[in-house]
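These notes concern the structure reproduced below.
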Amino acid sequence: MHPRIVVIGAGAAGLLAARTLNAAGYHVTVLEATGAIGGRIRTDTDFANFPVELGAEFIHGSNAITRTLVEESGLSVIPVNRMGNLRWGIPALPLGKLSLSERKLIVSLQRDYHALASAPLYGDMSLRDYFAGLGYDSDGLRMADVLLAQTCCASLETLSIADLQREMQVDHAGGLAYDGEARIEQGYAELLRMISRGLTIRLHSPVSDIQRHGGGLTIYAHGEAHMARACILTVPVSVLKKDTIRFDPPLSRAKRDAIHTFRTERATKLIYRFSERLWPDDATYLTGDMDAARWWAPDLGRGDQAIPVISCYVTANRARVFDLMDDYAALRWGLVQLAELLGTSQYQLERHFVAGKRISWAHEPYARGGYAHVPPGAADARVTLAEPESGGLFFAGEATAYDTNPQTVHGAFESGIRAAREADAYLRDIVR
Ligand SMILES: Cc1cc2nc3c(=O)[nH]c(=O)nc-3n(C[C@H](O)[C@H](O)[C@H](O)COP(=O)(O)OP(=O)(O)OC[C@H]3O[C@@H](n4cnc5c(N)ncnc54)[C@H](O)[C@@H]3O)c2cc1C
């Protein structure tokens, strides 16, 4: 008889961990706090006549494991080359129409960012200090914030360059090159639905207590006790930070310190449906130094019949103003900024506006923000977070992805497989 294993969380990491262990013959139960699988993957199929992503949207990298999973599931991808069609400024112009100095700035920022991969580091510092040290002025730093830091769901001054360098050195998905990006035609949620087939998943089961004892683990969720010989915990580090799960015995000091080191900032999407397409046909990436700094069109590549939809992904400090507003005010403020970015009038946008939707991940109790980053001086935190605790407790999730790209779906998938293998090795050892 194979022992029982509990996986906590039915996001990308939890589902891949469960699938891997299920395939190895273990009895796996997934406990999920909310009423749905997916975690930070959520696809809206009602907003338009194609799937619109409220959480994760792109596959980053030609070699990302997600592509294999998409293929295995009989799904398909739509390639997107965001940086290839970058527009910048207020209004946002294509590279060819920017001033020479702005064009040079974009190119040199990218070059110096990627040079981090092999730069000798004599200590850690923020990405802001790294660029300032290279002589970038306030214009350059603001552009770096929009084009580089906000993608990491952080602001320039809170990102550790040692952590970024580690990621660049272990990247095997090609996730850091924009030309390998794609969307899933049928939506990310469909991929997770396919992965979850055949798994035992208990929804509405928020875990409150994890006890480790001689006989294994007892995990309490919604008034039920689940016994297991091993447990894989995949909840976001932002949730762990809130101490809503009690551990008996407590987690090790190193683990607790690592948990409290991470920062998870706001991540908010503003999504608009219009009666007409009011933006350029190749709107892969419209960017400018404003609160609503980064926009793209989810209808891109979906054919002539696709309903015109444009969305803004606003993160970290820039999302604060939107998160403090109600839906109506947030969507309206977004529309004002979109008009500036497109160089059109607000009246013109309002005339064609059909519907809007805002999702603030900081307000989701089981996500508490976008995805986690480590501040300068804490680049070891991911490794420590990923380390197993005694008694069969294992850790997965995007924040633990130290040997691949954190902050991504494929990083979460890979972390789930890693933790499943660790649990398998542990169980083989104790059964022997
Ligand atoms: C707005 C946004 C845009 C993004 N865009 C992209 C993108 O384009 N490409 C990309 O690769 N990545 C993107 N990401 C990141 C990606 O979504 C995450 O890295 C990935 O989905 C994380 O998976 P996970 O399994 O680690 O965590 P989650 O998906 O958060 O899964 C954890 C699960 O644990 C559950 N849980 C929490 N607490 C408990 C509890 N006490 N008991 C039981 N269950 C619990 C949660 O409900 C959740 O289902 C984006 C994220 C956001 C928020």
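The values are calculated or read from the model by the stated rules, or taken from the named source; none is laboratory data. Worth saying up front: this structure is predicted, and the values here are computed from it rather than measured. Because the Cβ atoms are built from the backbone with ideal geometry, glycine has one as well, and the counts that use them run over all protein chains shown. Note: accessible area is taken over every heavy atom of the protein model, side chains too, but ligands, DNA and RNA are not part of it. Shrake-Rupley method; radii C 1.70, N 1.55, O 1.52, S 1.80 Å.
Computing the accessible area with a 1.4 Å probe over protein heavy atoms, can you report the carbon and sulfur percentage for the chain? The partial results should precede the final answer.
Values: 8840 of 17550 Å².
Accessible surface attributable to carbon and sulfur in the chain totals 50 percent.
Quick check on packing: order 117-123, 9-15, 403-409 by the mean number of other C-beta atoms within 10 Å, highest mean leading. All intermediate terms of the calculation are to be shown ahead of the outcome.
Details: 117-123: 9.4, 9-15: 30.4, 403-409: 23.4.
Highest mean packing first, the order is 9-15, 403-409, 117-123.
Using only DSSP helix segments of four residues or longer, with each worth -39500 (n - 2.57), what per-residue ellipticity at 222 nm results for the chain after dividing by its residue count and rounding to 500?
Working: 14 runs with 143 residues, N = 432.
Counting only the DSSP helices, I get -10000 deg cm²/dmol.
Quick check for you: with a 1.4 Å probe and neighbouring chains kept, what is the accessible area per residue of the chain, in Å²?
On the way: 17550 Å² over 432 residues.
It amounts to 41 Å² per residue over the chain.
Take the alpha-carbon centre of segment 400-420, take the same for segment 356-380, and report the distance between them in whole Å.
For segment 400-420 versus segment 356-380, the Cα centre distance is 16 Å.
When the chain is modelled as a GNM with alpha-carbon springs shorter than 10 Å, which of R128, R418, R351 fluctuates the most?
Ranking R128, R418, R351 by mean-square fluctuation puts R351 first.
Once the dipole of the chain is set up with Lys and Arg at +1 and Asp and Glu at -1 on Cβ about the Cα centre, which of P120, L98, T20 lies farthest towards its positive end?
The Cα lying farthest towards the positive end belongs to T20.
What's the local net charge at G96, with K and R +1, D and E -1, over the other residues with C-beta under 11 Å away? Intermediate values should be presented prior to the final figure.
Numbers: positive: R87, K97, R103; negative: none.
Residues close to G96 contribute a combined charge of +3.
Which residue fluctuates most in the GNM of the chain (Cα springs below 10 Å): A132, A297, A56?
The residue that fluctuates most here is A132.
Report the residue, chosen from T218, T68, T268, that carries the largest GNM mean-square fluctuation when the chain is represented by alpha-carbon nodes joined by springs under 10 Å.
T68
Hey, how many Å between the Cα centroid of segment 49-100 and the Cα centroid of segment 1-32?
31 Å
First measure r as the distance between the Cβ atoms of R197 and Q348, then evaluate 1/(1 + (r/R0)^6) with R0 = 56 Å and state the FRET efficiency to the nearest 0.05. Before the final figure, lay out each step's value.
On the way: r = 46 Å, r/R0 = 0.82.
Computed FRET efficiency for R197 and Q348: 0.75.
Exactly which GluC sites (Glu not before Pro) in segment 158-237 are in a DSSP loop and have at most 16 other Cβ atoms within 10 Å? Before the final figure, lay out each step's value.
Values: sites: E167, E181, E185, E190, E224; in loops: E185.
Passing both the DSSP loop test and the Cβ count: E185.
Given Cα pairs under 8 Å that are at least 6 residues apart, what percent is the relative contact order of segment 100-175? Walk me through the intermediate numbers first.
On the way: 51 pairs, mean separation 31.0, N = 76.
Once normalised by length, the contact order is 41 percent.
Can you give the convex hull volume per residue for the Cα atoms of the chain, as a whole number of Å³? Working shown, then result.
On the way: hull volume 59.0 nm³, N = 432.
Here the figure is 137 Å³ per residue.
Please report, in whole Å³, the volume per residue of the convex hull around the C-alpha atoms of segment 100-175.
Numbers: hull volume 6.8 nm³, N = 76.
Looking at segment 100-175, the number lands at 89 Å³ per residue.
Given the options N81, Y272, A379, identify the residue whose Cα lies farthest towards the positive end of the charge dipole of the chain (+1 on Cβ of Lys, Arg; -1 on Cβ of Asp, Glu).
A379
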